[in-house]
Amino acid sequence: VPTSAGTAAAAQQSGIPLLSMVEVDWLDMAIDGADEIDPDKNMIKGGGAALTREKIVAAAAREMVVIVDESKLVPVLGEKFRLPVEVLTFGWRQTERAIADTGCVPTLRRTKSDDPLLTDNGNYVLDCKYDGITDPKRLHDQLNAIPGVLDNGLFVGMAGRVLVSDASGKVRLLP
């Protein structure tokens, strides 16, 4: 089950058979990366703007296996990577103001031609700069309670096994 149109196209070109979420009740496993991951295995995802679909797939899986390199390991989420939030295009400025009230500076993600980037769902992404996210669960819930927010890139308590590679290619399993 692909989480983005780009992944679906690449899989189809390689002859990999695909299913849609409509065709499955659950998944044994989801395998994905992360933009940041903290010591409690909470993550920021959405650098590719597929965060809502990624979260739907991860939630449908019995286990989410995460594969990252050690540069993605951080003591506190959000200190380096901006938190993506997918918002409806309708009323997005009002939604942006409410998101800013959570303590961040949101920026509308744009394409190389400076148009607003549209997700595969036809929505905008606001990349939110926080000075650090010390309570990911609270912020996740707070953001998702804002009218116009579809979902945010905080994946809290969703990671199962986390495989981390170092510069030499050695892979370890996080405890």
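The values are calculated or read from the model by the stated rules, or taken from the named source; none is laboratory data. Given the structure is predicted, the values throughout are model-derived calculations rather than measurements. Please note: Cβ atoms are built from the backbone with ideal geometry, for glycine as well, and neighbour counts cover all protein chains shown. Keep in mind that these areas ignore ligands, DNA and RNA; they rest on the heavy atoms of the full protein, side chains included. Shrake-Rupley method; radii C 1.70, N 1.55, O 1.52, S 1.80 Å.
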Taking the options Asp120, Asp141, Asp135, Asp166, name whichever one is touching an Asp or Glu at 6+ places or on another chain (Cβ under 7 Å) and either at pLDDT 95 or above or not basic (Lys, Arg) (or both).
Asp166
Okay, strands (runs of 3 or more DSSP E) sitting entirely in segment 60-153 with 2 or more residues that are in contact (Cβ under 8 Å) with a residue 40 or more places away in the chain and closer than 12 Å to Met43 by Cα, I get 61-69, 83-87
Name the residues in segment 75-94 that are aliphatic (A, V, I, L, M), open to solvent by 10 Å² or more (accessible area, probe 1.4 Å) and closer than 16 Å to Val156 by Cβ, would you?
Val76
Within segment 131-168, work out how many residues are out of contact with any strand residue (DSSP E or B) (no Cβ under 6 Å at 6 or more places or on another chain) and open to solvent by less than 10 Å² (accessible area, probe 1.4 Å).
1
When you look at Arg109, is it loosely packed, with under 13 Cβ neighbours inside 10 Å and among the basic types (Lys, Arg), yes or no?
no
Taking the criterion of being surrounded by fewer than 13 Cβ atoms within 10 Å (Cβ to Cβ), among the acidic types (Asp, Glu) and in a loop (DSSP other than H, G, I, E, B), would at least one residue in segment 2-24 satisfy it?
no
Hits in segment 30-45 (condition: in contact with a Gly (Cβ under 7 Å, 6 or more places away or on another chain) and of a type in the set (D, E, K, R))
Asp35, Lys45
